[in-house]
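To start, the structure under review is shown below, and the notes come after it.
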Amino acid sequence: MRIIYFIVGLITLAIGAIGAVLPMLPSFPFLLLSAICFAKSSKRMHDWLVETNMYKKVVVPLKDEKKMTLKNKIKIMALVTVLMSIGFVMMNEVVIGQIVLACVWLFHMYYFIFRIKTKKAENL
């Protein structure tokens, strides 16, 4: 099981690193998942990851201060909106599924807009 966590950690780390560069791909959820996977598989990789500047600038502010840059908030909300919209359209005959997705989307938007504070962007 440790090898699976390690592989998932490497994949999500790569996606998180790409997300730090691409404007529409959020890096926060992937780096957080990477940290969780490495914590369960490799102490060495986990220790390395939490010491990187990328992790400190993207994950630590949200984890410690409950703050996120406006840019990261918009990226995450946009990605979730697109993905949930696809699911919503694909469930055109499952009304209860559409209602559940709409409720989850509304809660997600509420949480990111009102519960997570916005912090000023810092240069990487």
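Each value in this text was obtained by applying a stated rule to the coordinates, not by laboratory testing. As the structure is a computational prediction, the values presented were derived from the model and not from experiment. Every residue, glycine among them, receives a Cβ derived from its backbone with ideal geometry; neighbour counts consider all protein chains shown.
Points worth noting:
- Degrees between helix 95-110 axis and first principal axis of the chain (Cα, 0 to 90, nearest 10): 50
- Set Lys56/Lys117; Lys73/Lys117; Lys63/Lys119; Lys43/Lys117; Lys43/Lys73 screened for pairs whose C-alpha atoms are more than 20 Å apart: Lys43/Lys117; Lys43/Lys73
- Relative contact order, percent, the chain [alpha-carbon distance under 8 Å, six or more residues apart]: 24
- The string of couplings for the stretch 41-57 from the Karplus curve (6.51, -1.76, 1.60, θ = phi - 60°) is 10, 8, 4, 4, 5, 4, 4, 5, 4, 5, 9, 6, 4, 4, 5, 5, 8 Hz, one whole number per residue in order, with x for Gly and Pro.
- Net +/- balance of residues flanking Arg2 in space, Cβ distance below 12 Å, scoring K and R +1, D and E -1: +2
- Once the chain from Val104 to Ala14 is taken as fully extended at 0.36 nm per residue, the excess over their C-alpha distance is 29.7 nm.
- Amide H to amide H, with H built 1.01 Å from N, Lys119 comes under 5 Å of Met68, Thr69, Leu70, counting only residues 5 or more places away or on other chains.
- Vicinal HN-Hα couplings computed from phi for the stretch 25-32 (Karplus, 6.51 cos²θ - 1.76 cosθ + 1.60; Hz; Gly/Pro x): 9, x, 9, 3, x, 6, 5, 5
- Rounded to 10°, Cα long-axis angle of helix 70-90 versus longest principal axis of the chain: 50
- Burial ranking of peptide ranges 8-15, 108-115 (average Cβ count within 10 Å, highest at the top): 8-15, 108-115
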